[in-house]
Structure formats: structure tokens, C-alpha cells
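Peer 1: Have a look at this one.
Each value in this text was obtained by applying a stated rule to the coordinates, not by laboratory testing. All of these numbers come straight from a predicted model, not from anything done at the bench. Cβ sites come from the backbone with ideal geometry, for glycine too, and all protein chains shown count toward neighbours.
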Amino acid sequence: MTPAPLESFDNDPSVGATVLTEDQIAERIAELGVELTADYRDERPLLVCVLRGAYAFLTDLARHIDLPVEVDFIAVSSYGASTRTSGVVRLVKDLDVDLTDRHVVLVEDIVDTGLTLRYLRRSLEARGPASLEVCTLLARESADLEGLGVRYVGFTIPGEFVIGYGLDVDERYRNMRHIAVYVDPGV
Ligand code: 5GP
């Protein structure tokens, strides 16, 4: 049987201008890996991946950290199937690992309004970690990164809704290798 062709995003009208190429993403993640390796030397950091958007970032980032890292996963929902935040964050899947006395790095896909991050920070800090830092691949130019305590940022980007490299619309485009502006067909 001939295998089905891989999904191509080349002719998809919803895939707009490229925001970050595959190479740009890879290069920056390697740099972040070096930074985290230096900052957490002699430790065994726990990388907490915020599902689902950060899954691609986590897997690449973890492989650039030259330390015995552990990973765990937490899932929250604030967007549902829409491109607008509902304003309410809901815990969909909790962690399995106990955070007590652990050095935790929360790995996020994008910090937009900061609502999700504020919720997660409150929830994780209450569990008594030795430290808690945030590493996000993307952050909006408008986000108050200092106020939100975000230590590691891959790229800051403008306001448009983006897709690819883990980021979806209604569960699509997560497996696109680059990050592009989403062109809403209904607009
Ligand atoms: P915040 O709570 O900071 O407003 O939003 C954070 C979450 O909203 C992200 O983890 C992500 O799931 C979603 N989000 C925000 N902006 C975008 C975007 O441009 N594209 C996609 N696909 N998701 C986004």
C-alpha cells in the first residue's frame, strides 16, 4: 500500500507570512539550552511542559540541556477551539511529579496576556518547589515579562495569532516546522 503523503502546508491559504523559520527556531533553542545548562549546573531541573502547545519546544529544548533533566506535563485550557482567550484558565491535566524542593522550569509556548502563566505560577508555587523559573519560546511585545517573572524568552513577536511548531488552531498546524501568521478564512 502506498503511504498517504505527508500533510503539506505550502498551499494552505491559512498559513500566512513566516514569523520564524525552522533554522531560526533551532538556533535560538540551542542558545537557550546552553543558558539553562549553565544556570542549573549541578542540579537536576524538572522541566514542566505546558500542553499542548509547548510539546515541540520541550522536546528540542530538553535535548540541548546537558544535564540530567526530568520532564513532566501539565495541561490547561483557556482558548478552546477559538483564537480568542476565554479569560478563564482550567486545569485539564495535573503533574505526576511532586514539586517539593525541586528546581522547576515551566516551559511555555507563548505568553500573551499572561493569564495562563499567572494561574500556573500560583498553582505550582503553592507546591513548595526550591525554585520556579519560566522559559517561553514566544512572548508578545505587549506582555509584561518582568512583572510575570519570565526569565528565559526565545523570541518576542507582535500581536498576530501564530501557528506552527506546536501552536495550533483547533488542533491543526502543530506539526508545521516553522511559525507563521494564521490567516483566518472567515475574515
Ligand atoms: P495567555 O494566557 O498568556 O493570554 O495565553 C497563553 C496561551 O494562549 C498560550 O499558551 C497558547 O496556548 C495560547 N495562545 C496565545 N497566543 C497564541 C497564538 O498566537 N497562537 C496560538 N496558536 N496560541 C496562542
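Peer 1: Looking at the chain, send over the antiparallel percent of its DSSP beta bridges, to the nearest 5.
Peer 2: 30 percent
Peer 1: May I ask for the angle, rounded to the nearest 10°, between helix 22-39 and the longest principal axis of the chain, with both axes built from Cα atoms and the value confined to 0 to 90°?
Peer 2: 0 degrees
Peer 1: Between the DSSP loop rule and a limit of at most 11 other Cβ atoms within 10 Å, which trypsin sites (Lys or Arg not before Pro) in the range 80-187 are left?
Peer 2: Numbers: sites: Arg84, Arg90, Lys93, Arg102, Arg118, Arg121, Arg122, Arg127, Arg140, Arg151, Arg172, Arg174, Arg177; in loops: Arg84, Arg102, Arg127, Arg151, Arg174, Arg177.
Sparse-neighbourhood loop trypsin sites (Lys or Arg not before Pro): Arg84.
Peer 1: Under a Cβ-only charge scheme (Lys and Arg +1, Asp and Glu -1), can you give me the dipole magnitude of the chain about the Cα centre, in debye to the nearest 20? Let's see the in-between values first.
Peer 2: Details: 18 positive and 32 negative charges, 102 e Å.
Taking the Cα centre of the chain as origin, the dipole is about 500 debye.
Peer 1: Under 8 Å for C-alpha pairs, at least 6 residues apart: give me the relative contact order for the chain, rounded to a whole percent. Write down the numbers at each step before the final one.
Peer 2: Working: 345 pairs, mean separation 46.1, N = 187.
Relative contact order for the chain comes out at 25 percent.
Peer 1: In Å, what Kirkwood hydrodynamic radius results for the range 81-187 from the alpha-carbon pair distances? Kindly include the intermediate steps, with their values, before the conclusion.
Peer 2: Numbers: mean 1/r = 0.0661 Å⁻¹.
In the range 81-187 this quantity evaluates to 15.1 Å.
Peer 1: Counting DSSP beta bridges with both partners in the range 90-187, what percentage is antiparallel, nearest 5? Intermediate results must be reported in sequence, preceding the final value.
Peer 2: On the way: 4 of 17 bridges.
Here the share of antiparallel DSSP bridges comes out near 25 percent.
Peer 1: Roughly how many debye, to the nearest 20, is the charge dipole of the range 131-187 about its Cα centre, given +1 on each Lys and Arg Cβ, -1 on each Asp and Glu Cβ, and no other charges? Walk me through the numbers before you get to the answer.
Peer 2: Numbers: 5 positive and 9 negative charges, 49 e Å.
Result for the range 131-187 is approximately 240 debye, rounded to the nearest 20.
Peer 1: Now for a different question. Considering the dipole of the chain built from charges on the beta carbon (Lys and Arg +1, Asp and Glu -1) around the Cα centre, which of Val48, Tyr152, Thr21 is farthest to its positive end?
Peer 2: Checked the options; the winner is Val48.
Peer 1: Going by alpha carbons, how many degrees (0 to 90, nearest 10) lie between the helix axis of 115-125 and the longest principal axis of the chain?
Peer 2: Approximately 30 degrees, to the nearest ten.
Peer 1: To check my understanding: the extent here is largest minus smallest coordinate of the Cα atoms along each principal axis. What are those three numbers for the chain, in Å, largest first?
Peer 2: Projected onto its principal axes, the Cα set of the chain covers 49, 37, 36 Å.
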